[in-house]
Each structure stands twice: as C-alpha cells, then as structure tokens.
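Structure record follows, encoded as structure tokens.
The values are calculated or read from the model by the stated rules, or taken from the named source; none is laboratory data. As the structure is a computational prediction, the values presented were derived from the model and not from experiment. We place every Cβ from the backbone using ideal geometry, glycine too, and count neighbours over all the protein chains shown. Side chains included, ligands, DNA and RNA excluded: accessible areas come from the protein's heavy atoms. Shrake-Rupley method; radii C 1.70, N 1.55, O 1.52, S 1.80 Å.
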Amino acid sequence: MDVSTLEKRARAEGTPVIDGETATFVWRGRKPVSVHGDFQDWSGEPVPLKEVAPGLWTHTLKLPRDTYVEYALQDARGRRVKDPLNARRVPNGFGDFNHFFHMPESQPTPLARAQRGVPRGTVTRHRVETKEFCVGKQRAVHLYAPPTSEPCPLVVVFDGNDYLRRAKLPTLVDNLIAQGRIRPIALAMVANGGPARTVEYTCSEATLGFLRYVLLPLAHQELHLVDETREPGAHAVLGSSLGGLISLYAGLREPRIFGHVLSQSGAFSVWERDFPVFDLARQAPVRPLQVWMDCGHFEGLVEGNQRILPLLQASGHRAEYREYHGGHNYPAWRDNVWRGLEWLFGSPGR
C-alpha cells in the first residue's frame, strides 16, 4: 500500500489501519513518536515509528485476528501524546487513558450490555468494620442479589469496584442467568485497600480472616445463600492479577468455604519469586477445588499460570487454563470472565 493511500485510510478509518493480521500505526507530524502497549506487556522500550514520507511516520504489527490491544503514543521525552486518529480510549487504572483497537475477529462481549427484557439483580452498597483484618476502619462492599428466590452460591470478588464499574459484572451475570448458561449466583464485590492492596492480596491470612469473619456474615445477612456448612465448598472467589493470586490462595486455604476459584491473569510468580500458592498446590487437598484460570498471551504472568496448572491437576484439583489474545486490563478480563463463570457454574446439560 502506498503511503498516500495509507494516510487516507488512517484519516477515514482511524488508526491503526488494520488489514487481516496487520495493524499499522500512522502519525503525521514534524517529530516522531513511539508506541508502547499490551503487545510488549508494557515493558522495555517503546517502539519508534519510522518516517516513510516527509512528516509521516508508521509502524506495523502482526497480530492474531482475535486480538484486543491497548496502547499509548509517547514523544521523545517519554510524555504521552494523544493519537489524533484514534478516538477510542479507555481508562488505564492509573489516572490516565489508553487508546485501544480490536483486530477483525475481536469484539467486546455483548454480555456486558444490559438487554431488554432480561430480569435484573439488585446491587446494594454497604460499609463494614474491618476489625483490624484490613487497612482502615471500614471497607466498601457491593452486594449483588440475583433475580431468584432460590438460595445460591456466593462469589467473592476482589477489586470489586473495578469489576462492578469497569467489567460490568452484575450485567454479565444477569445475562448469563437469563440465557440459562449459569445457575443463579450472588456477588460480594469488595473494594481493595488502595495503597495497601499489594499487602492485602499477596497471600494474607488477615485478608482471609476478613472474608470469613466479616464478609460472609454480612452476605448471609443480606443475601439468600447456600449454607456452606451443609454444602462445603459451595462458594467462589474471583479476582485478577494480585486479585487472582489471593483468590487461589483463599481456595487452597479455605476449601470448605471457597471450593470454586476464578483467577484472571493470576500473579502467582512475580518479583522473581513464587508465592506460597505453589507449595499449597503441591499438597494433597483437604477438599479438591474447581479452578479456572485465564491469562493474556502477551503477559509475563503466563509462565506462572502455565507452571501451576499441572501442579493443581496432579494434586487432584479440577483445573482448567486458557490463554486469550490480549493483555493485562479490565476490558480483556470483562470479555473473558464469562467463560470461567460458565465452567464453574454452568447449568446442567450445557
């Protein structure tokens, strides 16, 4: 494709210009920019665009056709600059925005959109005393009650505010229940500890104490739940990144309560260290877990997920792992979480 046609397409279609398995970033300006993004796990040096005509700069990536990518452009000083040819932006969770694009066979899940005629569950907001199990005196919790009168299992969701607002989890669950793809489930979406998030989510026994002695009593009081003393392991834990780590840890340490684990991009091995979940995964379980894990194939976390899977399976846990073409972000987790929910809570016969 000649450069004039490329620029015309960029202005008409937006950037990057996508053809099959290629995505070409296009920048018009006197000075060059570089691109940084999911495709390199946001690590290393940004990739400079090359000048292909006076004042016209490009860079082409080859990507699987079902890939979702977030990226940012940077000037020579490392400052973010807006891509004027791509109006698609999404919050990056760090007070800024990333641009994004979908390859031809990728699209946001329709399950995250409210559908006409679908019964909706109820979301209520609560503040609970932390009782010194967590940083701060109180912690926000959003509870989701599904549209059913039957008792149901509880899914504890770490980074609950993000799964509520950015992943649209209650809407997703509404649609999955209405389509008969999962049994009704309740949600307890727990806010993280802000600056204390890392401490609370890296295999903290205090965090497990908060779940057992603060969160579960609240959930039983406000929701119509299955009794875990009569149905051991009925409940679940869900989280991403370090939230995925604490989810697996909670299941391995409290299998009679949390027999189902959904970990997205679980950070099981970071900072050149394996967390204790590896040791726990090697032990014969008190009660086997049902564990779903997924991770974006661009992520450095893939290696830890791949290593822990056979350990869980060899110990007798029912464990599944899936990689998708994407990175470490909430749109990717939103678009893939339904698979884990179906695997864990799928309706009989599906």
- Some residue of the stretch 13-29 being in contact with a His (Cβ under 7 Å, 6 or more places away or on another chain) and over 17 Å from Asp66 (Cα atoms): yes
- Search result, residues across the stretch 91-132 that are under 17 Å from Ala72 (Cα atoms) and part of a strand (DSSP E or B): Pro91, Phe97, Asn98, His99, Phe100, Phe101, His102
- If we keep only residues of the stretch 11-36 that are polar (S, T, N, Q) and more than 14 Å from Asp75 (Cα to Cα), then the residue most open to solvent (accessible area, probe 1.4 Å) is Thr22
- Task: Can you give me the number of residues within the stretch 167-204 that are out of contact with any Lys or Arg (no Cβ under 9 Å at 6 or more places or on another chain) and on the phi > 0 side of the Ramachandran plot?
- Result: 1
- Message: Anything in the stretch 66-90 that is within 21 Å of Leu56 (Cα to Cα), touching a Ser or Thr at 6+ places or on another chain (Cβ under 9 Å) and either among the aliphatic types (A, V, I, L, M) or not in a loop (DSSP other than H, G, I, E, B) (or both)? List them, or say none.
- Response: Leu73, Gln74, Ala76, Leu85
- Note on the structure: By residue number, the members of the stretch 177-191 that are under 24 Å from Cys134 (Cβ atoms) and surrounded by fewer than 23 Cβ atoms within 10 Å (Cβ to Cβ) are Ala191
- Return yes or no: is Val123 surrounded by fewer than 21 Cβ atoms within 10 Å (Cβ to Cβ), in contact (Cβ under 8 Å) with a residue 40 or more places away in the chain and either touching a helix residue (DSSP H, G or I) at 6+ places or on another chain (Cβ under 6 Å) or among the hydroxyl-bearing types (Ser, Thr, Tyr) (or both)? yes
- Query: Would you pick out the residues in the stretch 1-44 that are of a type in the set (Asp, Glu) and without any contact (Cβ under 8 Å) to a residue 24 or more places away in the chain?
  - Reply: Asp2, Glu13, Asp19
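This table checks each residue for (1) in contact (Cβ under 8 Å) with a residue 24 or more places away in the chain; (2) open to solvent by less than 20 Å² (accessible area, probe 1.4 Å); (3) of a type outside the set (Lys, Arg).
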position	(1), (2), (3)
Tyr68	yes, yes, yes
Ala72	yes, yes, yes
Asp75	yes, no, yes
Val81	yes, no, yes
Leu85	yes, no, yes
Asn92	yes, no, yes
Gly95	no, no, yes
His102	yes, no, yes
- Task: Could you list all residues from the stretch 45-66 that are in contact (Cβ under 8 Å) with a residue 40 or more places away in the chain and of a type in the set (Gly, Ala, Ser)?
- Result: Ala53
- Residue count, the stretch 156-170, condition over 10 Å from Ala188 (Cα atoms) and of a type in the set (Phe, Trp, Tyr), comes to 1
- Considering the stretch 95-111 alone, what residues qualify as being over 20 Å from Asp41 (Cα atoms) and in contact with an Asp or Glu (Cβ under 7 Å, 6 or more places away or on another chain)? Glu105, Pro108, Thr109
- Identify, by number, the condition in (1) more than 28 Å from Glu303 (Cα to Cα); (2) part of a strand (DSSP E or B) that Arg30 doesn't meet. (2)
- Query: Taking the condition part of a loop (DSSP other than H, G, I, E, B) and open to solvent by 40 Å² or more (accessible area, probe 1.4 Å), does Thr198 pass?
  - Reply: no
- Item | Filtered residues of the stretch 332-350 (kept if on the phi < 0 side of the Ramachandran plot and either loosely packed, with under 15 Cβ neighbours inside 10 Å or not in a helix (DSSP H, G or I) (or both)) | Gly346, Ser347, Pro348, Arg350
